[in-house]
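To keep things clear, I will list the structure first and then write my remarks on it.
The values are calculated or read from the model by the stated rules, or taken from the named source; none is laboratory data. No experiment lies behind these values; they were computed from the predicted model shown. Here the Cβ positions follow ideal geometry from the backbone for every residue, glycine too, while neighbour counts run over all protein chains shown.
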Amino acid sequence: MDAVELILVRHAEAENVVTEDDTPADPGLTSRGSAQAEALAHWLAREPIDRVVSSPSRRARETAGPTLTRTGLELEIDDRFCEIDPEASHYLSIEEERARDHGKFRERIAAYQADPRIIALSSRVEEGLSEWAARMPGGRVVIFCHGGVVNVWTRCVLGMTPGFLFEAQNASSHRYLVSRQGTRGIRSLNETAYLPYPI
């Protein structure tokens, strides 16, 4: 098979933080998130992995950590897989927003769907993943990233409109195939059965 398998992984559960000096928030994982990352690594170890790539964010890198330990591979950082707002001074997960205030959650979703930065996010994610696919024909690449990255790539593969919203779960994995000719397909979305407790 000459198609590359791209496995996109949304980072595990991260701390909700607001920085006091308005610098970019870069939270690490919660204890629950660390357990999710370990379970994910155990599941990924069932199959050979050729490369491990990550967004530079701490929560993505920490999610990748157990997989690096199990595979012995080195982590490759790719800035193109950052979230839509890497300079934001706060991080509040979409799950926590929904739990705190459903009205604000709906407002957040509407604002995200109308955000003009989605175009730039889509462009860099598509460029990055297309490049990795071209570099690794027949291989398997795991990319630790963010819900927004998974969302726009899924939209690109399905040919949906920019306002399409696909919600990736914490520590979820999403498998895509890209042929040598550039044909894209989906093998699975939002895999979470390996997690140690309900999400």
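Quick notes on this structure:
- Just one of the listed residues (T19, T71) is of a type in the set (V, I, T), closer than 22 Å to L129 by Cα and surrounded by 14 or more Cβ atoms within 10 Å (Cβ to Cβ), and it is T71.
- Residue list for segment 5-16, filter: surrounded by 23 or more Cβ atoms within 10 Å (Cβ to Cβ) and either part of a strand (DSSP E or B) or modelled with pLDDT under 95 (or both): L6, L8, V9, R10, A14
- Output for segment 36-62, where each listed residue is among the hydrophobic types (A, V, I, L, M, F, W, C), outside any strand (DSSP E or B) and in contact with a Phe, Trp or Tyr (Cβ under 8 Å, 6 or more places away or on another chain): A39, L40, W43, A60
- Only a single criterion out of (1) closer than 30 Å to M136 by Cβ; (2) of a type in the set (G, A, S); (3) crowded, with 17+ Cβ neighbours inside 10 Å; (4) out of contact with any helix residue (DSSP H, G or I) (no Cβ under 9 Å at 6 or more places or on another chain) is not satisfied by A25, namely (1).
- Hits in segment 178-199 - residues which are surrounded by 11 or more Cβ atoms within 10 Å (Cβ to Cβ), of a type in the set (S, T, N, Q) and part of a loop (DSSP other than H, G, I, E, B): S179, T192
- Neighbours by Cβ (under 7 Å, 6+ apart or cross-chain): first from segment 87-115, without any contact (Cβ under 8 Å) to a residue 40 or more places away in the chain; second of a type in the set (F, W, Y): E97/F105; R98/F105
- For V152, the conditions (1) more than 12 Å from L8 (Cβ to Cβ); (2) assigned to a helix (DSSP H, G or I) all hold with the exception of (1).
- Neighbours by Cβ (under 6 Å, 6+ apart or cross-chain): first from segment 159-180, farther than 25 Å from S93 by Cα; second in a loop (DSSP other than H, G, I, E, B) and not β-branched (V, I, T): L177/A3; S179/A3; R180/D2; R180/P137
- Pair list, Cβ < 9 Å and 6+ apart or interchain, from segment 35-64 residues that are under 14 Å from I7 (Cβ atoms) and in contact (Cβ under 8 Å) with a residue 24 or more places away in the chain to residues that are part of a loop (DSSP other than H, G, I, E, B) and aromatic (F, W, Y): L40/Y194; W43/Y194; L44/Y194
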